[in-house]
Amino acid sequence: MPPDQGKSTAYRKYGETKDKTRIITFLQDNRASATESDYSDEHPVRTPRMPGKRAMVSAMSLSPYAKAWRVTITGAVAAGLFYGTVWGTDDFFPLGPMVQYAFSIPPDGEIRSLHLFARTTAGQEVEIPLEPYYVGVRRAEIESHLGRHRQDPSLLQHLADAHRRLRPGDAAPATLTLRTKVIKLKDRVPSATRFIEEVSWQVR
């Protein structure tokens, strides 16, 4: 090995050893500094600070205005939920219950569901499903407004118009009738079925 090359290698090794010694000394000094200054017996929870940085704790409080509108909104939502739960109908959803799911049936009770029947121009009686693709609305929407249909049977004309538009290939209804299907239960098993006529309308 040439003398110059051996001398260069020796200098490099000496420099690396010196750098390692400096790093170890720096870490030991910082550890000692953290032990002495960043820990205190006055605080039960000890949190060391990063070297060169100070621990910062900030607290933010709401203004009276911010507290007021939060309380107001919370009270309004709570009042809406209470009103909808006690007196609400499907129209109040989601602040009101879905009527079709908000009840239970006793083991010897009755299951009631609304059905739409039509007397066609050919004299046949058929059932028209209370579904959007037949009459534009669902059964629950008609059930929740059954009282309005009893008072004003002409509302059934809207169902006839929707059926004519959505199902042009079906037989045209001459009369529409809403009937409630009542299934009597005996120990949770259907024992009898009957229909109650609610309202009827002559289609125009």
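Bear in mind these aren't lab numbers, they're just calculated from the coordinates by the rules spelled out. None of these values were measured; they are calculated from a predicted model. Cβ coordinates were reconstructed from backbone atoms using ideal geometry, including for glycine residues, and neighbour counts include every protein chain displayed.
For the pair Thr175 and Ala79, the difference between a 0.36 nm per residue extended length and the Cα-Cα distance amounts to 30.2 nm. Using the average count of surrounding beta-carbon atoms within 10 Å as a protection proxy, the listed peptides 169-176, 115-122, 191-198 rank, highest first, as 115-122, 169-176, 191-198. For a modelled paramagnetic label at Arg112, 7 Å from Cα along Cα-to-Cβ, the residues of the range 148-166 in reach, with backbone nitrogen under 14 Å, are 148, 150. Other residues with beta-carbon under 10 Å from the beta-carbon of Ile111 carry, at +1 per Lys or Arg and -1 per Asp or Glu, a net charge of +2. By the count of other C-beta atoms within 10 Å, a proxy for reagent exposure, Lys184, Lys67 are ordered fewest to most as Lys67, Lys184. When Rg and Dmax are taken over the Cα atoms of the range 107-162, they come to 12.8, 42 Å. Residue order for Val182, Val135, fewest other beta carbons within 10 angstrom first, comes to Val182, Val135. In the range 110-202, the alpha-carbon atoms span a convex hull of 100 Å³ per residue.
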